[in-house]
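> Structure provided below as structure tokens; questions to follow.
The values are calculated or read from the model by the stated rules, or taken from the named source; none is laboratory data. Given the structure is predicted, the values throughout are model-derived calculations rather than measurements. Don't worry about glycine lacking a Cβ; one is built from the backbone with ideal geometry, like all the others, and counts go over all protein chains shown. Accessible surface areas use protein heavy atoms only, side chains included; no ligands, DNA or RNA. Shrake-Rupley method; radii C 1.70, N 1.55, O 1.52, S 1.80 Å.
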Amino acid sequence: MNKRQHASTQSPVFIPFKLIVLAMVFVTCLIAANLVAAKLFSVGGFSMTSGIIIYPLTFLVLDSITECWGKSIAQKIVWIGLLANLIFIVLLQAAIHLPPAPFWKNEAAFAEILGAMPRTVIASLCGYSLSQTLDIAIFTGLKKRTRGKMLWLRSLLSTAISQLADSTVFMFVGFTGLLPVTAILSTIGIEYVLKFGYAVVGVPLIYLIVHWIRSRTAHADYGLSKE
């Protein structure tokens, strides 16, 4: 059998559409969170990074992927997200360094806002790589211990622990030397409270996503994890 005949007899690789959708949502939220992270906002006298309103969604999506497709697929999604952000940084820097048109009056503002991105993105990616991998490990470990039950507990605990790691790494890498240590610790504490609350509120959403993934599909047809 020649190579052409061998290739024609191979089964096509099937990638579930719902997995593609969730991976797209995951990467979009990740990039959007990094894009707005340079802005700090205040509520009630407390300062937070704007990414707080977007980034926690990535944990909900990742837990849903881990639940239905397993650790290996979820970890690949994490690495895809990392690569997407690195490409994003390179493209962004290329745009910043393009020579501005003579009539373009916003070059300084454009460079000032988006030029601050590399450090915050690097800080975010450090926290991201650690926290998302930690989230997957804790989630799958708890899944084995609970024999696949108590999805709410597995999601809540894995997200709570990994979010603390993410906030700590992000704030110290991104803002050491720019903010006082007391302000960094205060921001970590405030953001963590919000992220934990986000995790609690997001539990029903995880059940909805998992139900959507598993609805009208078979394990064999959609590659769903039986672990």
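> At q = 0.09, 0.12, 0.17 Å⁻¹, what is the base-10 log of I(q)/I(0) for the chain according to the Debye formula with one equal point scatterer per Cα and no solvent? Please give it to two decimals.
Evaluating at q = 0.09, 0.12, 0.17 Å⁻¹ gives log10 I(q)/I(0) of -0.44, -0.72, -1.18.
> Counting only heavy atoms of protein chains, what accessible area per residue, in Å², does the chain have with a probe of 1.4 Å?
55
> Give me the percent of the accessible area of segment 17-215 that comes from carbon and sulfur atoms, probe 1.4 Å, all protein chains in place.
Values: 7550 of 9770 Å².
After summing per-atom areas, the C and S share lands at 77 percent.
> With contacts defined as alpha carbon pairs under 8 Å and 6 or more residues apart, what's the relative contact order of segment 17-215 in percent?
After rounding, I find 26 percent.
> Per residue of the chain, what 222 nm ellipticity follows from adding -39500 (n - 2.57) for every DSSP H run with n ≥ 4, rounded to the nearest 500? List each step's numbers first, then the result.
Details: 8 runs with 169 residues, N = 227.
Helix contribution divided over all residues of the chain: -26000 deg cm²/dmol.
> With the Cα gyration tensor of segment 34-85 giving a ≥ b ≥ c as the square roots of its eigenvalues, does the rule (a/c under 1.5 for rounded; else a/b larger than b/c for prolate; else oblate) give rounded, prolate or oblate? The partial results should precede the final answer.
Working: a/c = 5.41, a/b = 2.16, b/c = 2.51.
Note, shape of segment 34-85 comes out oblate.
> Which one, VAL200, LEU22, LEU142, projects farthest toward the positive side of the charge dipole computed for the chain from Cβ point charges (K/R +1, D/E -1)?
LEU142
> Report GLU107's accessible area, 1.4 Å probe, all protein chains in place, as a number in Å² to the nearest 10.
50
> If you put +1 on each Lys and Arg Cβ and -1 on each Asp and Glu Cβ, how big is the dipole of segment 17-215 around its Cα centre, in Debye rounded to 20? Display every interim value, and only then the final one.
Values: 14 positive and 7 negative charges, 166 e Å.
For segment 17-215, the charge dipole is close to 800 debye.
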